[in-house]
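The structure appears below as structure tokens.
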Amino acid sequence: MAIFRYFSEEEHARDLIEHGRVRFCTLGTYHVFEDKEVRRDPSDGLLRYKPEGGVTINQGDRTFQNNMAFVSVVKVNDIYVYCMSNKLSEELAARFNSPFCVEIQHSLGFVGRIRRHVRLRSQLDHANVFAGPIDYRGLDHEPGADWALPERLAFIKPAAFAWQEEFRVVIGNKGALGVENVDTHLEADGHNLAVAYEERDPLVVKVGDLSRIAKLRKF
């Protein structure tokens, strides 16, 4: 399966192809990204569930709805993502303001290289490198067990971003992707959870020359 990474600068696109420089950013970075409604998403790494009437609360033998949303959020400053797309299109290039695109023709081979190089990073969780398409959801989508699984929350985004058809690779610092390593809250309308963002340097993983499985496209 082919996947695509869009770039605003040709030199950055060629750097990926020729040197395999893969630049991961934290989920928290996307909470404060400058290009609002394109790459910026204050809900990245966050699951928000609010069915009609709000979530149901069980209190002893009483059950009631409280018109609030259930929120579960990962450690956004300790989980890194590399964002790509499943789609090659002029529309995406225009909306991302990125006229250069690297087509990775073999996604499994690309992700496999990242896995091998992650093993060399002592601060990272070596056992868990996740990759796949984003699951776009509305507020009424029941979370099931996903709320407790950071590796699932990192792949859930609001339906408003579905136009991106995103594919991403997710890695984390040690422990960041552990089961139930999340913060949960009930959230009232108009009081969206503010996640504490901490600036972190991008994580650069160098996977080597990709010219056999990657090519440059221009729009």
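The values are calculated or read from the model by the stated rules, or taken from the named source; none is laboratory data. Given the structure is predicted, the values throughout are model-derived calculations rather than measurements. Heads up, the Cβs are rebuilt from the backbone with ideal geometry, glycines too, and the neighbour counts pull from every protein chain shown. Remember, those area values only see protein heavy atoms, side chains included, never the ligands or the DNA or RNA. Shrake-Rupley method; radii C 1.70, N 1.55, O 1.52, S 1.80 Å.
The simple spin-label model puts a point 7 Å past each Cα toward its Cβ; for residue 189 and residue 40 those points are separated by 2.5 nm.
Decide, for the range 131-182, between rounded, prolate and oblate: order the square roots of the alpha carbon gyration tensor eigenvalues as a ≥ b ≥ c, take rounded if a/c falls under 1.5, and otherwise choose prolate if a/b is larger than b/c, else oblate. Intermediate results must be reported in sequence, preceding the final value.
Values: a/c = 3.06, a/b = 1.33, b/c = 2.30.
Note, shape of the range 131-182 comes out oblate.
Here the gap between residue 103 and residue 197, fully extended at 0.36 nm per residue and compared with their Cα-Cα distance, gives a gain of 30.7 nm.
Using a simple spin-label model with pseudo-atoms 7 Å out from Cα toward Cβ, residue 88 and residue 68 lie 4.9 nm apart.
Hey, can you find the accessible area per residue of the range 1-157 for me, probe 1.4 Å, expressed in square angstrom?
Heavy-atom SASA per residue in the range 1-157 reads 49 Å².
Cross-link partners for residue 50 among the aspartates and glutamates, with Cα-Cα distance under 16 Å and sequence neighbours closer than 8 places in the same chain left out: 140, 142, 146, 187, 189.
Name all residues of the range 77-111 having a backbone nitrogen under 17 Å from the label point set 7 Å from the Cα of residue 18 along its Cα→Cβ direction, giving them as ranges. Answer for this model: 100-103. Straight distance only, please: which lysines reach the Cα of residue 206 with their own Cα at less than 27 Å, same-chain residues fewer than 8 apart left out? Straight-distance partners of residue 206: 75, 87, 174, 215, 218.
For the range 115-160, the gyration tensor built on C-alpha atoms gives a prolate shape. Its axis ratio a/c (a ≥ b ≥ c) is at least 1.5, and a/b is the larger of a/b and b/c. Put simply, the convex hull of the Cα atoms in the chain casts, on average, a shadow of 12.7 nm².
The gain in end-to-end length when the residue 159 to residue 209 segment is fully stretched comes to 14.5 nm, 0.36 nm per residue minus the alpha carbon separation. Extension gain for residue 179-residue 140 works out to 11.7 nm (0.36 nm per residue, less the C-alpha to C-alpha distance).
Nearest 10 degrees is fine. How inclined is helix 10-19 to the longest principal axis of the chain, computing both from alpha carbons? The angle comes out near 80 degrees.
Each Lys or Arg adds one and each Asp or Glu takes one away; over the other residues whose Cβ falls under 12 Å from the Cβ of residue 150, this sums to -4.
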